[in-house]
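Below is one structure, written out as C-alpha cells; comments come after it.
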Amino acid sequence: MTTDWDEIKRLAADFQKVQLSSTLQRLSERNCIEVVSLLVEKGLLEIIYTNDGKEYLTPDHLSTEIQDELYINGGRVNLTEVSKTVNVDLTKVTAAANRIANKSKDVHLILGQLINEDYLQRVALEINEKLIQAGEISAANLAEQYDLPADFILQKIIEKNLGKTIHGKRDPTDSKVFFTQTYISRCKAKIRGALAALSRPTPIASILGQCKIKDKIFYALIDEITFDGSVTSKMSGAQYIPNVYKKAQNEWVTSLFKQNGYVQHDTLSHFGISDTKAFIQRQLPNEELVHLEKCTVGKRFVEQLEAAIDECISSASYLDVTTILPSDLSQGDIEKLLEMAVKPTVARSILILETTILTHTFLDRLVAPAKQIMEQNVKKSIESGKYQQYLAEKLSSGRPVGAQEGTGDSKTDRREERRRKAAAGKGGGGTQGRETKTKSTKKHYRGGGGEKGGAFDSDSDDNGRVSKKKNASTIELITVKEIVGVIESSLDSDDLCYLAKDIALHFYPQLSKEALQTAQQVFEASLQNSTQNRRQTHAALQEKLNNLIGDVRLYEKGLKLFPTDVQQQLIKYLLKTLGTDIANELFFYVATECSLNYSTSTLTTEQRNSIMQECNQEYKAALMALNKSISGQSVDDFLSASESALQECSMILKKIDKKKDRSLILGHKHGLLEQLANCTDPALVLHLACLVIFTISTQCMLHASGRHVAAILAFLQPQLQQDQSQLLTQYHDLVLKVLTVAEDDEEGKEKVLSQLGDLMPKIKDVASSFKKSATSIE
C-alpha cells in the first residue's frame, strides 16, 4: 500500500509541474493524437477505442474498469452491462473478462457474467438458510433461482462449502439433492407414525400424500425404520401390509377352509394376494389340497364325488355333480375333479355330459324306443327302394357291399339279370312294382343335431355339434332329430331335457351302424322271396291290364252306336282316361324293369317321355307307339299298340270271350244301379240313369263324362216312352238351370234344388225299372 501511495504522490507532483510549465513546452491535442498514432504504428502502444471513437484506453485500464464494475455490483456483473458502462465494444470487454478469469482463481466467467468468490460465499450462506428452512434442497431448484448452471452451483458452491458454510447431507440416491439431518429425522417420525396407525393394506402413494413425503425419501428411509408390517415392492403401485392384517387374514383363510372345505381364489385376490395357490399351501401345509382354476378344495370333495358316482352306478340312474360341489366351480374345475374321481373301471359304466354323469343302463332305457323307430325306418327304406338305391350307388362307386355282392352270380341271361335288379328294387313291397318306387332326389343337409343327414364324415367339435358332408353313397335310416324326440319323451319327468341333443349325438353313430346291419339282414331275407313275389306281381299286373283292355274293347262297341261327331268325343275321352291308365301301368312296369325311380302314382307326358329315353332299347319302340296312340283318334290303333307293349313286357293278351263279355256287361249294369241307389247329387243321378238305360237298351257299355249326357239323352229318345222322355228332359233342364243360376240368387237356386229333389226318386225309378223294348237296338 505504501508503494502505491508513493507512486500516486509522484504522479501528482509531475502533474503539478506540467501545469506550472510554460506554454511553449505543452502539446496540443492534435500533437497528442499524432504521437499516440505513431506509437501504435510502431507497436510500442496498444489502445482500445470507445464506441464513439472520441476516447481510447489501454487493455490494462479496461481490465481495471471491469474489476471496478464487478466490485461495485457486489461480485456479479453482466458483461453486457459493463460494455454499456465503459462504452467499449462487447467483444473487447469479453476478451478482457476472459483474461481476468484466467489470471484470477477467485473470478469466474459463466454465461456472459463475471462472478467472484465473495458473491459465491454469500450465495452459500443463502443456500444454507434455505436448506435449514425447507430441510431439503436440490441443485435444479437453485439453478432456477440464481440463474446459474446446476453443475456450477453444485461444484463451485455446494460441494466446496458442504460441511463448512452449508450444513447438510447429500441424498445417496440423487447426488443433486441435499437435506439436513433434522429433516431426515422428521421424515422418519412421520413414516413410523403413519405405518403404526394402519390396520389394513394401504397404497404407498396414499401414505406419502398424507405425510407429504417424496417417494424417493420414503424408499431410502424405509430400510432404516423399524415397523410392524411389510412393503410389497419399491415400484409404483406398492402397498404396505400391516402384520396385524396378515395375521387376521391367515386366521380367516384357515377358518374358511375348515368350515367350507374350499377357498375361493377371487376372495384372496381382493385381499391383495397375487399368488393365491402358494399362499393357501403355506397356510394349510397339513391338508391334502386340489388346486383348481377358481378355488382350492380339500381332498374330501374328491372322496364325496367318488361315493356319489358309485351310488349312481348301483342305482342305474344319473348324477348332477353340481349338487354336491361348490357352486363357484367352473366347467374346467369340475372336469378336473371328475378326472380324479372317475377310475378307469368306473369310466366304462358311465357317460359324462357337461356336469351330469349318466350310467349306461339309464341311457339304454332312454334310447330303447329309438330302436323301434329305427326298425320302422329300415322297413320303409326297403319298401320305398331307398336302401336298394343306396346299394346300387355303392356298387357303382366300387365300394364293397358285403352280403349284397354276388347275389346274381347264377344269373347270366340278360333279361333275367334285369329282372333280378328289378326285384331288388321292389324289395317285396306291395302288389305292383310301381307302388314301391320312389323318385331319385338329392338333398343337401347342413350340420346340426336336429337336421337329417348322412353318416358322420368329420369329428365333433367342442360344443358337441357334428359336421356332415354330402355323400352320394350314404343313407340315413335314423336321424338325430328322431333320437332327440325319443329321449325328450322319456325325460318328461326329469330335468335333463337340455342334454337330449348331446345324448342323441352320442348314440347316433351306434344306432346308424346298427340300422345298416338290420337293413342288410332284412334285405337279404327279402331277396329270398323276391323271385316268387315278382312272379305274383307280374301275373297280377297282366290280369289287370287284360281286364282294362277288355273294358276298352267293350266301351268301343258302345260308342260306335253314336253319330260320328259324338263318337270322336267319346273316343278321345276313353283314350284320355282308361287308355292313359293302361299306358301308365306299362310305363311303370318298364321303369321298374330298368331300375328307374318314379314315386308318383300317375305319370305326365314328360315323365313318360323320360322313361322312353332312359329305358332299354327293346322297350322304346313299343312304348313310343303306345304313348302316341293315347293322343290319337283310333281305339284300334291303341289296342294294337297295347298288345305290342304287352308282348315286349312278356305278357299275354287273352282272347275275346263273348260269354265273359256278357257277364261283364251285366256286372257293369248292376254296379251302375248300385251307385245310382246311393247317389244324392242331382247331376250324377242323371248321368248314372242315362248310362243304366243305355246299357239295358243296347246291351253295350258306355264310358262317358257328364258333358255327354245331352248326347246320350238324344240317342235314347227312341227307346223311351213319352212320359219317361219328358221326365228325363225336365230333370236335365233343371240340372242345367242349377249349374247356370247366379251365385247370389240363393232363393232361385233353392227352388230349383227342391224341384230336383222331388223328381230324383222318379228318375231312379225310371232307370231301375227300365226294360229293353222291341225297338231297342241290338
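The values are calculated or read from the model by the stated rules, or taken from the named source; none is laboratory data. Source: prediction; values computed, not measured. Cβ: placed from backbone, ideal geometry, glycine included. Neighbour counts: every protein chain shown. What goes into the accessible areas is simple: the full protein's heavy atoms, side chains included, and nothing from ligands, DNA or RNA. Shrake-Rupley method; radii C 1.70, N 1.55, O 1.52, S 1.80 Å.
Couple of notes before you dig in:
Quick grid of which residues meet (1) over 30 Å from Gln389 (Cα atoms); (2) open to solvent by less than 20 Å² (accessible area, probe 1.4 Å); (3) outside any helix (DSSP H, G or I):
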{"residue": "Ile571", "(1), (2), (3)": "yes, yes, no"}
{"residue": "Thr577", "(1), (2), (3)": "yes, no, no"}
{"residue": "Ile582", "(1), (2), (3)": "no, yes, no"}
{"residue": "Glu585", "(1), (2), (3)": "no, yes, no"}
{"residue": "Ser595", "(1), (2), (3)": "no, no, yes"}
{"residue": "Leu623", "(1), (2), (3)": "no, yes, no"}
{"residue": "Lys654", "(1), (2), (3)": "yes, no, yes"}
{"residue": "Lys659", "(1), (2), (3)": "yes, no, no"}
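- Residue pairs meeting the criteria (Cβ under 8 Å; at least 6 apart or on separate chains; first without any contact (Cβ under 8 Å) to a residue 40 or more places away in the chain and within 22 Å of Ala392 (Cα to Cα), in segment 363-381; second among the small types (Gly, Ala, Ser) and outside any helix (DSSP H, G or I)): none
- When Asn141 is tested against (1) of a type in the set (S, T, N, Q); (2) buried (at least 17 other Cβ atoms within 10 Å of the Cβ); (3) within 14 Å of Glu126 (Cβ to Cβ), exactly one condition is not met: (2).
- Verdict on Ser489 being among the small types (Gly, Ala, Ser) and open to solvent by 60 Å² or more (accessible area, probe 1.4 Å): yes
- Scope segment 131-158; condition assigned to a helix (DSSP H, G or I), closer than 17 Å to Phe179 by Cα and touching a strand residue (DSSP E or B) at 6+ places or on another chain (Cβ under 9 Å); matching residues: Leu131, Ala134, Ala139, Ala140, Ala150, Leu154, Ile157, Ile158
- Within segment 632-642, the set of residues being free of Cβ contacts under 8 Å to residues at least 40 places away in the same chain and either touching a Leu at 6+ places or on another chain (Cβ under 9 Å) or of a type in the set (A, V, I, L, M) (or both) comprises Ala641 only.
- Candidate set from segment 66-76 (those that are open to solvent by less than 50 Å² (accessible area, probe 1.4 Å) and assigned to a helix (DSSP H, G or I)); member that is nearest to Leu45 (Cα to Cα): Ile66
- Of all residues in segment 302-347, those satisfying the criterion of being in contact (Cβ under 8 Å) with a residue 40 or more places away in the chain and aliphatic (A, V, I, L, M) are Ile309, Ile313, Ala316, Leu337, Met340.
- Segment 84-101: number of residues that are surrounded by fewer than 19 Cβ atoms within 10 Å (Cβ to Cβ) and small (Gly, Ala, Ser): 2
- Taken as a whole, the structure places Asn128 among residues that are assigned to a helix (DSSP H, G or I) and either modelled with pLDDT under 85 or under 27 Å from Asp171 (Cα atoms) (or both).
- Any hit, segment 625-644, residues being among the aromatic types (Phe, Trp, Tyr), open to solvent by less than 20 Å² (accessible area, probe 1.4 Å) and more than 19 Å from Leu578 (Cβ to Cβ): no
- Any chance Ser526 is open to solvent by 50 Å² or more (accessible area, probe 1.4 Å), touching a residue at least 40 places away in the same chain (Cβ under 8 Å) and in a helix (DSSP H, G or I): no
- Filtered residues of segment 275-304 (kept if under 40 Å from the mean Cα position of the chain (by Cα) and part of a loop (DSSP other than H, G, I, E, B)): Asp275, Leu292, Glu293, Lys294
- When segment 102-129 is filtered for residues that are crowded, with 17+ Cβ neighbours inside 10 Å and not polar (S, T, N, Q), the ones remaining, listed by number, are Val107, His108, Leu114, Ile115, Tyr119, Leu120, Val123, Ala124, Ile127.
- Complete set of residues in segment 336-376 that are farther than 14 Å from Leu305 by Cα, in contact with an Asp or Glu (Cβ under 6 Å, 6 or more places away or on another chain) and part of a helix (DSSP H, G or I): Ile373
- Test set (1) open to solvent by 80 Å² or more (accessible area, probe 1.4 Å); (2) part of a loop (DSSP other than H, G, I, E, B) - Leu666 fails condition number: (2)
- Taken as a whole, the condition of being out of contact with any Ser or Thr (no Cβ under 7 Å at 6 or more places or on another chain) and modelled with pLDDT of 80 or more does not apply to Leu395.
- Selection status of Ala645, under 60 Å from the mean Cα position of the chain (by Cα) and either part of a helix (DSSP H, G or I) or modelled with pLDDT of 85 or more (or both): yes
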